[in-house]
Each structure stands twice: as C-alpha cells, then as structure tokens.
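Sharing a structure with you now.
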Amino acid sequence: MKTILAFGASNSRKSINQQLANWAANQLEEAKVKLLDLNDFELPIYSTDRQEESGIPEKAKYFKELVNQADGIVISFAEHNGSFSAAFKNIFDWMSRIGRPIWSEKPMFLMGTSPGGRGAKGVLAHAENTFPHQGAKVVATFSLPSFNQNFDQEEGIINEELKAEFQTQLVKFSNSMLVEQEV
Ligand SMILES: Cc1cc2nc3c(=O)[nH]c(=O)nc-3n(C[C@H](O)[C@H](O)[C@H](O)COP(=O)(O)O)c2cc1C
C-alpha cells in the first residue's frame, strides 16, 4: 500500500486547501493518507543566523523524514499575495537546509484553490516552475476556482467539468507511483 503525504500549504484552521488536499489524497485507491497540519510545524522565521546558532529544529527534521517516507505527496497551496503562505514558506526554508534533493525526488500532485475565480493559479504556477529544480517530480497539477461554489464537504468537487479534469490529473499521479515501484 502506498503512503501519501498530504497537506494544505496554509495554517488557517478552516483552510480550504487543507480540505481539498485531504479529499484529493483520499480519492486514491489502496493508499494510506498521512495528513499534515502546518500548525504542527510552526517555527521561528528561518534565518542563517538562527541556523548557525541553534542548528535545524526537530520539527523541520521530522517534516523531511515524512517526505522521505512518502511514496507520493499531495500539496494544495493557499495563495497569499500571489505567492506561498508564510507558514508554508517557513517550514519549506528550514527543511531545505537539511540536504538535497530537497523533495527527495518524490512524485507530486500540486494543487491550489481560492474563494475567487483564479483558483490560486499564481502560486500554483510558481510551485510548478520551481519545484522540479528542488528535487520534486511534479507529475500532476490542478487548480480549483471558486471553492465555495465548486466543492462540497461530503461530495468533494461538484462541478462535473472540473471533476473530470481532477480525475485526469489524479490518474497521472497514481500511475507515476506505479512506475516508481517498477524501477
Ligand atoms: C494575506 C492574504 C493574502 C491573500 N492573497 C491572495 C491572492 O494573492 N490571491 C488570491 O486568490 N487570494 C488571496 N487571498 C485569499 C485566499 O485565497 C483565501 O484566504 C483562501 O481561503 C486561502 O486558503 P486557505 O483557506 O487554504 O488558507 C489572500 C488571503 C490572505 C489572508
């Protein structure tokens, strides 16, 4: 059985990206989902001085360990002013200092959602462009616009067209993990 690490890249307790990441990862058959809450990885703002003085915090080491243990990773990004949320960027920066490849060459399904019509496309494009240079295998992406209109707590994505698009991406992600197994 595959282990999927999933999280919304947000520290909001009502995070819509956490809801989407959780639902998306649970659509995979025969997968064990490990859902992270970034509130459990809150750390002082990364600085080279702090790292020199105190080293890498245990929470960052644990985050990297979870990445290493996963067969695949699902992240849904909150868009804050066109970019990553500070909560995600901070644990990412700390974790990136542990060693390369940062994302341990794991297959990734990157998503983003927002209450508005752009569906976090700005931050998603940024992650899609940069993550491959940081040791991630980005195999699938999906943006969900207008979360409150297109997502239902019980049913997940309720817009048929968007759901079909999501399924196509999910299959790509699922297949990429099978390929990894064969290698
Ligand atoms: C500081 C801040 C900046 C934001 N910037 C954007 C933005 O650039 N684009 C956007 O579509 N939504 C923006 N939003 C709205 C978020 O999309 C919205 O809060 C969303 O719920 C965030 O995802 P989350 O619920 O997973 O945290 C911003 C919200 C905050 C609090």
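Read-outs throughout are calculated quantities, based only on the coordinates presented, and are distinct from any laboratory measurement. Bear in mind the structure is a predicted one, so any value in this text is a computation, not a measurement. Virtual Cβ from ideal backbone geometry, glycine too; neighbours counted across all protein chains shown.
Per residue of region 97-112, in order, report the coupling 6.51 cos²θ - 1.76 cosθ + 1.60 (Karplus, θ = phi - 60°) as ³J(HN,Hα) in whole Hz, putting x for Gly and Pro.
Per residue, the Karplus-derived 3J(HN,Hα) values read 7, 6, x, 9, x, 3, 9, 6, 6, 7, x, 10, 10, 9, 9, x Hz.
Over region 2-182, what is the relative contact order in whole percent, taking alpha-carbon pairs under 8 Å and six or more residues apart?
Numbers: 335 pairs, mean separation 38.2, N = 181.
Once normalised by length, the contact order is 21 percent.
Shape of region 43-139 from its Cα gyration tensor (a ≥ b ≥ c, root eigenvalues): rounded if a/c is under 1.5, otherwise prolate when a/b > b/c, or oblate? Kindly include the intermediate steps, with their values, before the conclusion.
Working: a/c = 2.24, a/b = 1.39, b/c = 1.61.
It comes out oblate by the Cα gyration axes.
Ok, one more. Pairs of Cα atoms under 8 Å, at least six residues apart: use those to get the relative contact order of region 84-182, whole percent. The partial results should precede the final answer.
Values: 124 pairs, mean separation 27.0, N = 99.
27 percent.
Using the charge dipole of region 2-182 (Lys, Arg: +1 at Cβ; Asp, Glu: -1 at Cβ; taken about the Cα centre), state which of Gly99, Leu38, Phe77 has its Cα farthest towards the positive end.
Gly99
If you don't mind, there's one more thing I want to ask. Quick one: which residues, 5 or more positions from Lys106 or on another chain, have an amide H under 5 Å from its amide H? H modelled 1.01 Å from N in the peptide plane, none for Pro or chain starts.
Result for Lys106 returns Lys137.
Along Cα→Cβ, 7 Å out, is where each label goes; now give me the distance between the ones at Thr130 and Asn175 in nm to one decimal.
Computed distance between label sites Thr130 and Asn175 equals 3.0 nm.
In whole Å, what is the distance between the alpha-carbon centres of region 96-152 and region 43-67?
22 Å
Taking a ≥ b ≥ c as the square roots of the eigenvalues of the Cα gyration tensor of the chain, is the shape rounded (a/c under 1.5), prolate (a/b larger than b/c) or oblate? Walk me through the intermediate numbers first.
Values: a/c = 1.87, a/b = 1.32, b/c = 1.41.
Since a/c reaches 1.5 but b/c is at least a/b, the shape of the chain is classed as oblate.
Here's a follow-up. Kindly write out, for region 79-94 in residue order, the coupling ³J(HN,Hα) from the Karplus curve 6.51 cos²θ - 1.76 cosθ + 1.60 (θ = phi - 60°), rounded to whole Hz, with x marking Gly and Pro.
My calculation for region 79-94 gives 9, 10, 6, x, 9, 5, 5, 4, 4, 6, 4, 5, 5, 4, 4, 4 Hz in order.
Could you go through region 35-50 in sequence order and give the Karplus-derived ³J(HN,Hα) for each residue, using 6.51 cos²θ - 1.76 cosθ + 1.60 with θ = phi - 60°, rounded to whole Hz, and x for Gly and Pro?
3J(HN,Hα) across region 35-50, in whole Hz: 8, 9, 10, 4, 4, 7, 10, 6, 9, x, 4, 4, 8, 4, 4, 4.
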